[in-house]
There are 2 protein chains.
Amino acid sequence: MLTTEQISLNKIKIDDVFWTKYRSLLKSTIIPYQYDAINDRIPDAEPSYAVQNFRIAAGEVEGRHQGAIFQDSDVAKWLEAVGYLLSFERDEEIERKADDLIDLVARAQQPDGYLNTYYIIEEPENRWTNLYDCHELYCAGHFMEAAVAYFDATGKRKLLDVICRFADNINEVFGPEEGKLKGYPGHPEIELALVKLYRATGNQKYLNLSKYFVDQRGQKQNYFTEEWEKRGKTLDKSSVFKEPNLHYGQSYAPVREQEVATGHAVRAVYLYTAMADLARLTNDDELKKACQRLWDNITEKQMYITGGIGSTEIGEAFTFDYDLPNDTMYAETCASIGLIFFAKRMLALDLHSKYADIIEKALFNIVIESMALDGKHYFYVNPLEVWPEASQKDPRRKHVKETRQAWFGVSCCPPNVARLLGSLGDYIYSSTENCLFTHLYIGSQINAKFDGTEVTFKQSSQLPWRGEARIEFEMENSVNIKMAFRIPDWISGRFSITVNGKETDYTTKNGYAFVERTWENGDIIKLFMPISIQFMQANSMVQADAGKVTVQRGPLIYCLEEEDNGQNLSSLLVDTEAAWIEKEENFPVLGKIITLEADGYKEIDENNQLYSIFKKNREKINIKAIPYFVWGNRGIGEMRIWLRYH
Amino acid sequence: MLTTEQISLNKIKIDDVFWTKYRSLLKSTIIPYQYDAINDRIPDAEPSYAVQNFRIAAGEVEGRHQGAIFQDSDVAKWLEAVGYLLSFERDEEIERKADDLIDLVARAQQPDGYLNTYYIIEEPENRWTNLYDCHELYCAGHFMEAAVAYFDATGKRKLLDVICRFADNINEVFGPEEGKLKGYPGHPEIELALVKLYRATGNQKYLNLSKYFVDQRGQKQNYFTEEWEKRGKTLDKSSVFKEPNLHYGQSYAPVREQEVATGHAVRAVYLYTAMADLARLTNDDELKKACQRLWDNITEKQMYITGGIGSTEIGEAFTFDYDLPNDTMYAETCASIGLIFFAKRMLALDLHSKYADIIEKALFNIVIESMALDGKHYFYVNPLEVWPEASQKDPRRKHVKETRQAWFGVSCCPPNVARLLGSLGDYIYSSTENCLFTHLYIGSQINAKFDGTEVTFKQSSQLPWRGEARIEFEMENSVNIKMAFRIPDWISGRFSITVNGKETDYTTKNGYAFVERTWENGDIIKLFMPISIQFMQANSMVQADAGKVTVQRGPLIYCLEEEDNGQNLSSLLVDTEAAWIEKEENFPVLGKIITLEADGYKEIDENNQLYSIFKKNREKINIKAIPYFVWGNRGIGEMRIWLRYH
């Protein structure tokens, strides 16, 4: 089967009522803002030092390395996002800045190809001695992704060449051969990046190195433990635990033996992404089964209804099945973006709509939610429940920020949002020899060749507000292909398809609706996906959601805010039998959005006692829900997704 | 007004159907077991090193100090508990062990009176340089309490003399005079202990020193911050925070200005206890107001329905008003015992039944709950909700042990339980010139002199199972006094009193019922306190309890256990309109207890989906509740106090 990777990204143009606003923001604000951030030019934000570190490493200014040990990755992710942007819209100023930055990166590279500002500046003699903590391979991976994206978009080879030299250097240091280190990264990332480098260069050794890193992980004796002992049992000062925690970085067992998603959520999904790539590229059925098992464990037992993952701040990690606290969770933006990466690879490996359902869920409810509508403020942690006083006063909830931040000392999330928005086109379609799969309903235009005929597909979509999409064909000759459309998991009613205005039958398989015929120029397919307002519940094993419902409308999860409903949202109850009224409301940037109102109840205290004899004492009130992805854009206040019901 | 302290403890004999079992356990098991514990003789338990440290400090064996820096206090608390035991029941073997231990303590004392094994062994040159972390004054306080209790019970002065020499040494080091240190303890305790030492010796300087420590706390410049700077900004390795946290030890402001209970809960209530003592003994109205304010803040905004306090493990601390999570709380045993200390002083300072209500609540629902029925296993943290898998796998809940432990590295709680059970008689009554107050309904006998006549009061009580108590008079002459009886806050119906079988009128004030008459030998008062099963709710500001009720029967809070109700207690709902059936059931040690059964509901999942469209799907089941204080005595499983309702 061909995969999305065979549909060249720069052949996809996004033109969507909803998403174009975010893509415009990418160019006008997000990328320029993040450039300022990595150059320490955002007032009142924690400085990044990321670019400064490269200047020092290049010997152009004096100074110490500052910021996180993996700060280089923010430069890489910014360059990667620029690559994606330039693939659909040229911008001379941004391209010049990127070229200059690439020149700086090249000047910082060491004669043998090595490239990591922390070690170059601070501990040149200690390269590769602390893979557990020190992120050298992680940063290398991000530069590989950046190099491939920038090369794909611009055809410029400079960063790609720099990074291939580094990859070659890494390949000389690590591997099964006598005398090489038998290690692998503490934070997976290079594994999936090496697959991209393999695709861009055709050089098999990069694929082999990726496979080596993946298969070496968790083998006995454990590399991280041995490495730690060799270092005299010291860890980096940034280390989360007191000794190497083998679950944290998924190295407690070989990956093929891992049964449940565990440890640091971002590390986990980056690792699984590479595993799925390798399972497909090397036809490795055992690895595929591990991917399926881990996917199912995440999405059926350890995922928030928003698509958030990571139930605890401690280690930013998965905990255990059905443990999904709404107030102390982590649900890091990067983790959901990693889940989208994993989902995309699973779609290529094991085509099923369940993977695309999660892409859509995480896109709407985490990726864009994590960013303020101004494009300049971000959540790292995406809570399902916020009580501002608790965020300020309870140390257990200090990580749950009640408002989006201008930047972070560790600022992995904002550039991850940028690169995902930039590469959004990569998630919409995939194809086989005679079938075009539409995974996401996002207005866009794509060209693909079927049976020698170049076909242009023009999609328009009314999601997330209305469940309608439309595909028009443009081509010179007629063509006989299958068109496959994802049937969304949120659909309420019958998925129906018309061709040129006439309802048509379809077959279904793996959650997709298939229509096969000879298509003519100008043919129009319309898809009807009934959206209704649904109360959703969690499995009864999820103790945190017991006795609660949430409101879903199409792909969007809704929430209540203090702004609309007053203080103490925990005293409110929705009426699961009341009808919701949809209202169109203007929001900045987005224009019209749909908010919901219905009758509900509020509990009233008869006195100030802390505890008293139970008495049901409720008054009728009006409850207003807004899409979760826009919460927190109107000031600080309580918010909650899971609601008590009457 | 006279206070409980004027009723000599060794004149009170407890003979109660319920409590005598615990008091017998104290002698047969608890005190011998804890002696073995501090002597490191409990297999499979963390060693204490507490006695060993004294041997090293006395120069009798070689070695380093081990265990917590305040390990000495466990020796002191054991001796104090022995003192209480010997006040009502002699035991030659235990007394001999205590005398030997006191001899050892005396041999460890330094020529100038100083006594602290950590500093004697490890850092003799650094005495009094880290009051914030290092607990020298805290340990001194515990030895003062032990010395007074042991002297009161046995008349033996040895420990009292040792400790007075230490107190004199401390008085030379600390105080307002030129050249003395202006510090005060990081962990309050010595303040309340100096009041006891003052009472036992009549020496005013001990009272003055207590007052000095209390008033000095939180004055600017902050002593802990200055001391830390003098040390080169170092803290002890055991320190919880990275720099002195002034809320943690209630030193952020002078105590008279403190508005809400804050910081480490045990420190807070030990401090408030001394404040209440001093407010009474020095007629300090400002201090009294601070005590009332802090009491009300705790009990009206920051206390669990069990009488537990401390909402977070981080700093074992209060957080903020209405923040009462049931699954990650701390609710340390010592903190509720400290709350009982505080309540007793408030009763003496500001007589009102609300203080005794909390003593009773914490006694039944924390103090005895914290100990297994075998007397050999203890909770440090007293959870309102236990999910064993979470305790094992979620680092946020690691401190919430799902089963009582044999001992702890820091084992402050078990000896605190022992000394409280030993001194239980001290909490039952207090008197004024012409009135005997009965605060607790616990079968007991007490002698007191009124108007020259020695009167013996014989109380019997059927609590906690039945709301009846009986007081009989024994005396030579008739006597005209007031009898005051606490009207419990859990009463459901009319509190009624008969004298010699005939119902009598009473007046009420501050929650007490008063009956005044001329009493004759053999007069019998009976008290009727209707008990019913009540569903209780929390104030709607308590987000953690929203939509939940708990079951209370008299002074007892009830809970559900997995043992009786199967897994996943969060899927169960009680029916607030269903009738509970009371059942008598045999429990080890306790004999018959009352359990409750009623119809309820269980939510059923229609499939294994993590999230699905809401559908009320409940089956009727039988729900069984047991008194919270016996939970966890039948193996490991889920438990919860706050229950969803139908």
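Please verify whether B:V417 is in contact (Cβ under 8 Å) with a residue 12 or more places away in the chain and within 14 Å of chain A (Cβ to nearest Cβ), treating the condition exactly as stated. No; evaluated as a whole, the condition is false for this residue. For B:S391, the conditions (1) under 30 Å from A:S311 (Cα atoms); (2) more than 23 Å from the chain's Cα centre (by Cα); (3) not in a helix (DSSP H, G or I) are fulfilled apart from (3).
Among the residues of the range B:127-149, just one is surrounded by fewer than 24 Cβ atoms within 10 Å (Cβ to Cβ) and of a type in the set (F, W, Y), namely B:W128.
Of the residues making up the range B:537-578, those that are outside any helix (DSSP H, G or I), within 12 Å of chain A (Cβ to nearest Cβ) and among the hydroxyl-bearing types (S, T, Y) number 3.
Just one residue in the set B:L339, B:L363 is open to solvent by less than 10 Å² (accessible area, probe 1.4 Å), farther than 21 Å from B:P188 by Cα and assigned to a helix (DSSP H, G or I); that residue is B:L363. Filtering the range B:487-510 to residues that are assigned to a loop (DSSP other than H, G, I, E, B) and either more than 22 Å from B:G554 (Cα to Cα) or open to solvent by less than 90 Å² (accessible area, probe 1.4 Å) (or both) leaves B:I487, B:P488, B:W490, B:I491, B:S492, B:G493, B:F495, B:N500, B:G501, B:D505, B:Y506, B:N510. Within the range A:292-325, the set of residues being away from chain B (no Cβ under 11 Å) and open to solvent by 10 Å² or more (accessible area, probe 1.4 Å) comprises A:Q292, A:R293, A:E316.
Only residues that are small (G, A, S) and part of a loop (DSSP other than H, G, I, E, B): list them for the range A:97-134, please. Within the range A:97-134, just A:G113 meets the criteria.
Residue by residue, here is whether (1) of a type in the set (A, V, I, L, M, F, W, C); (2) within 14 Å of chain B (Cβ to nearest Cβ); (3) closer than 27 Å to A:P555 by Cβ holds:
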residue: A:Y601; (1), (2), (3): no, yes, no
residue: A:I613; (1), (2), (3): yes, yes, no
residue: A:N617; (1), (2), (3): no, yes, no
residue: A:G635; (1), (2), (3): no, no, yes
residue: A:Y645; (1), (2), (3): no, yes, yes
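Scanning the range B:35-50 for residues that are of a type outside the set (S, T, Y) and buried (at least 24 other Cβ atoms within 10 Å of the Cβ) gives B:A37, B:I38, B:A50. Can you tell me which residue is surrounded by the most Cβ atoms within 10 Å (Cβ to Cβ) among those in the range A:386-396 that are more than 9 Å from chain B (Cβ to nearest Cβ) and in contact (Cβ under 8 Å) with a residue 12 or more places away in the chain? It comes out as A:V386. Quick check, is B:A200 hydrophobic (A, V, I, L, M, F, W, C), open to solvent by 20 Å² or more (accessible area, probe 1.4 Å), assigned to a helix (DSSP H, G or I) and touching a residue at least 40 places away in the same chain (Cβ under 8 Å)? In short, yes. Looking for something acidic (D, E) and part of a helix (DSSP H, G or I) - is there at least one such residue anywhere in the range A:237-244? No; the residues of the range A:237-244 include none that is acidic (D, E) and part of a helix (DSSP H, G or I).
Conditions (1) of a type in the set (D, E); (2) assigned to a helix (DSSP H, G or I); (3) closer than 25 Å to B:L424 by Cα; (4) out of contact with any Asp or Glu (no Cβ under 6 Å at 6 or more places or on another chain), marked per residue:
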residue	(1), (2), (3), (4)
B:P47	no, no, no, no
B:V51	no, yes, no, yes
B:R55	no, yes, no, yes
B:I69	no, no, no, yes
B:V75	no, yes, yes, yes
B:L79	no, yes, yes, yes
B:L85	no, yes, yes, yes
B:E95	yes, yes, yes, yes
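For beta carbons closer than 8 Å, sequence separation of 6+ or different chains, a first residue in the range A:289-303 that is closer than 14 Å to B:Y611 by Cα and a second that is open to solvent by 10 Å² or more (accessible area, probe 1.4 Å) and assigned to a helix (DSSP H, G or I), the qualifying pairs are A:T299/A:K354; A:T299/A:I358; A:M303/A:I358. In the range B:162-176 there is at least one residue that is in a helix (DSSP H, G or I), in contact with a helix residue (DSSP H, G or I) (Cβ under 7 Å, 6 or more places away or on another chain), over 21 Å from B:F54 (Cα atoms) and open to solvent by 10 Å² or more (accessible area, probe 1.4 Å). Evaluating B:A81 against the criteria (1) at pLDDT 95 or above; (2) among the hydrophobic types (A, V, I, L, M, F, W, C); (3) under 20 Å from B:I340 (Cβ atoms); (4) open to solvent by 10 Å² or more (accessible area, probe 1.4 Å) leaves one unmet condition, (4). Can you pull out every residue in the range A:240-256 that is out of contact with any helix residue (DSSP H, G or I) (no Cβ under 8 Å at 6 or more places or on another chain) and over 21 Å from A:G308 (Cα atoms)? Across the range A:240-256, the qualifying residues are A:V240, A:F241, A:K242, A:N245, A:Y252, A:A253. Report yes if B:G375 is part of a loop (DSSP other than H, G, I, E, B) and within 25 Å of B:G249 (Cβ to Cβ), otherwise no. No, not satisfied.
Reported count of residues in the range A:596-619, each being of a type in the set (V, I, T) and either outside any loop (DSSP other than H, G, I, E, B) or in contact with a Pro (Cβ under 9 Å, 6 or more places away or on another chain) (or both), is 1. Evaluation of B:N622 against the conditions (1) part of a strand (DSSP E or B); (2) more than 13 Å from chain A (Cβ to nearest Cβ); (3) open to solvent by less than 60 Å² (accessible area, probe 1.4 Å) shows that the sole unmet condition is (3).
Could you check the range B:30-45 and list, in sequence order, the residues that are assigned to a loop (DSSP other than H, G, I, E, B) and within 24 Å of the chain's Cα centre (by Cα)? B:A45, the sole residue that qualifies.
Looking at A:V260, A:V269, A:V255, A:V214, just one residue is open to solvent by 10 Å² or more (accessible area, probe 1.4 Å) and at pLDDT 95 or above, and that residue is A:V260.
Are any residues in the range A:272-288 touching a Lys or Arg at 6+ places or on another chain (Cβ under 8 Å) and open to solvent by 10 Å² or more (accessible area, probe 1.4 Å), and if so, which ones? The answer is A:R280, A:T282, A:E286, A:K288. When B:A513, B:A448, B:A469, B:A484 are screened for being assigned to a strand (DSSP E or B), open to solvent by less than 60 Å² (accessible area, probe 1.4 Å) and in contact with a helix residue (DSSP H, G or I) (Cβ under 9 Å, 6 or more places away or on another chain), only B:A448 passes. Scanning the range A:516-536 for residues being open to solvent by 40 Å² or more (accessible area, probe 1.4 Å), within 14 Å of chain B (Cβ to nearest Cβ) and of a type in the set (S, T, N, Q) gives a total of 1.
Looking at B:E5, B:E60, just one residue is modelled with pLDDT of 95 or more, open to solvent by 60 Å² or more (accessible area, probe 1.4 Å) and of a type outside the set (A, V, I, L, M), and that residue is B:E60.
The values are calculated or read from the model by the stated rules, or taken from the named source; none is laboratory data. Predicted model only: the values in this text are computed from it and were never measured. Because the Cβ atoms are built from the backbone with ideal geometry, glycine has one as well, and the counts that use them run over all protein chains shown. Areas reflect the complete protein model, heavy atoms only, side chains present, ligands, DNA and RNA absent. Shrake-Rupley method; radii C 1.70, N 1.55, O 1.52, S 1.80 Å.
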